[in-house]
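Peer 1: Right, I'll just put the structure down here and ask away after.
The values are calculated or read from the model by the stated rules, or taken from the named source; none is laboratory data. These numbers were taken from a predicted model, which means no experiment stands behind them. Positions of Cβ are generated from backbone atoms using ideal geometry, with glycine treated the same way; all protein chains shown enter the neighbour counts.
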């Protein structure tokens, strides 16, 4: 877990950027922040036991290979495939003003046989943290 994914140590030259030799990389610590939260819906709860697929909302800048490396190092599982899509933005109205919710990328990760991902890492979700029960005062 302390192992880091390639960390950029030098600043690329203009020629490297033009030729495509330069590719931006992230450290593992910064990539953990790019995984926003797991998607826990009725549909995803059916998919998990059947197909070993887990759904997460991630930052739009992550590529499929970066997502695969992140989950393999973070959760210590073997990822078979990663499918991603960017759902359309939802329109929000406040009074007369119209706006949009932020855009995000949804990643569906398929795992090898007999492997699971533990959701008890307290990911921050829009409705609260996963794995934390709310205690109501009497």
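Peer 1: (1) modelled with pLDDT of 85 or more; (2) surrounded by 10 or more Cβ atoms within 10 Å (Cβ to Cβ): which one isn't true of residue 17, the others all being true?
Peer 2: Only one criterion in (1) modelled with pLDDT of 85 or more; (2) surrounded by 10 or more Cβ atoms within 10 Å (Cβ to Cβ) is unmet by residue 17, namely (1).
Peer 1: Taking residue 45 as meeting all but one of (1) over 15 Å from the mean Cα position of the chain (by Cα); (2) at pLDDT below 90; (3) more than 19 Å from residue 106 (Cα to Cα), write down the number of the exception.
Peer 2: Residue 45 satisfies every listed condition except (3).
Peer 1: Somewhere in segment 80-95, is a residue within 20 Å of residue 36 (Cβ to Cβ), at pLDDT below 90 and in contact with a strand residue (DSSP E or B) (Cβ under 8 Å, 6 or more places away or on another chain)?
Peer 2: The answer is no, given that none of the residues of segment 80-95 is within 20 Å of residue 36 (Cβ to Cβ), at pLDDT below 90 and in contact with a strand residue (DSSP E or B) (Cβ under 8 Å, 6 or more places away or on another chain).
Peer 1: Which of the following residues is surrounded by 10 or more Cβ atoms within 10 Å (Cβ to Cβ) and either free of Cβ contacts under 8 Å to residues at least 60 places away in the same chain or within 17 Å of residue 33 (Cα to Cα) (or both): 105, 50?
Peer 2: So the residue among 105, 50 that is surrounded by 10 or more Cβ atoms within 10 Å (Cβ to Cβ) and either free of Cβ contacts under 8 Å to residues at least 60 places away in the same chain or within 17 Å of residue 33 (Cα to Cα) (or both) is 105.
Peer 1: Could you list, ordered by first residue, the pairs with Cβ atoms under 8 Å in which the first is in segment 55-73 and free of Cβ contacts under 8 Å to residues at least 40 places away in the same chain and the second is outside any strand (DSSP E or B), at least 6 apart or interchain?
Peer 2: These pairs meet every condition: 61/34; 72/78.
Peer 1: Picking from 82, 92, 77, which residue would you name as being surrounded by 10 or more Cβ atoms within 10 Å (Cβ to Cβ), in contact with a helix residue (DSSP H, G or I) (Cβ under 9 Å, 6 or more places away or on another chain) and part of a strand (DSSP E or B)?
Peer 2: Step by step, each of 82, 92, 77 is checked, and only 82 is surrounded by 10 or more Cβ atoms within 10 Å (Cβ to Cβ), in contact with a helix residue (DSSP H, G or I) (Cβ under 9 Å, 6 or more places away or on another chain) and part of a strand (DSSP E or B).
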